[in-house]
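Peer 1: Here's a structure for you.
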Amino acid sequence: SSVTLTCSSDANPAARYTWNKENVYFKPPRKGPQLVFSSILSSDSGQYSCTAENELGTRTSQYRSIDVKYVLKRPSVSVSPSAEIENQTLPHGPEGSYNFTSIRSEDRGNYYCKSENQFGQSNSSLFVDVQYGPRRPSVSVSPSAEIVDGSSVTLICSSDANPAANYTWYKENEDSPKASGQIFTITDVRPEHSGDYSCEAQNRRGRQSSTLHLTVVAGNLTMITNITRLTVVVLMLILLLLLSLWARKKKTLSSTARSQNPVEIELDSCPVYENISDPAAQTEDPE
């Protein structure tokens, strides 16, 4: 707003006026019966006096106080310490300070400072970034039902961390990583994929890991394949058994046929007959 200070003195000859401010030297000097502030500022507050003089003398008025009221300026907001913090106690300060006795990850966010008086209010904001290592990861599998041979399975890992964590997947008894990233997908799952899988979450503040056991069961196609193979093996065994029995029977029939063939006996064309009679009859005398 505009403010005018007026100075007057009864003098002859007429007085010349000069303005003074306590502890301030005006350069150039402010002269004239009026001191005008066309747009007064808070820095214009203070004690003012007027000096009247002519050739016959000099007189100075008492100090008059100007107190400029104003709407609050935008507050200045800062954080101390300014480095990354975790579970540290912020130093206590004067009135107008907000203190975290033991700052936590959940304290991360925007903070607003509002100041007000009878002439108005103003506010400022500050973002507090609390960094921390990964929490223990949560590991899940999709689908959550039985993992069927030949299907696809997805392993998912998540962890609360700031800054965001990087994820690496490992399988038991294997040194090299299986995959990197929050999601690990295995297509065309086989029984050899069964086992323990661990997910490691890591950022520059630390690392944590969790383990998941994966079990692969035989699917319908695998069962049909196994049944078909078993059936073929059984049929081959039966066929071999039948062939063996047939060969044995054939051998037996061949032996029997040879034993039943007639034996040809060649007779002499001039047989010699011998008359054999009872010796007792030959010695009996005829009557």
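A short reminder: the numbers here are calculations on the coordinates, not readings from a lab. What you see is a predicted model; the values in this text were computed from it and never measured. Every residue, glycine among them, receives a Cβ derived from its backbone with ideal geometry; neighbour counts consider all protein chains shown.
Peer 1: Taking the simple approach of a point 7 Å from Cα along Cα-to-Cβ for both Ser151 and Ser8, what is their distance in nm?
Peer 2: 10.2
Peer 1: Using a Cα-Cα cut-off of under 17 Å, which lysines could be cross-linked to Lys31, ignoring same-chain neighbours fewer than 8 residues away?
Peer 2: Those lysines meeting the cut-off are Lys21.
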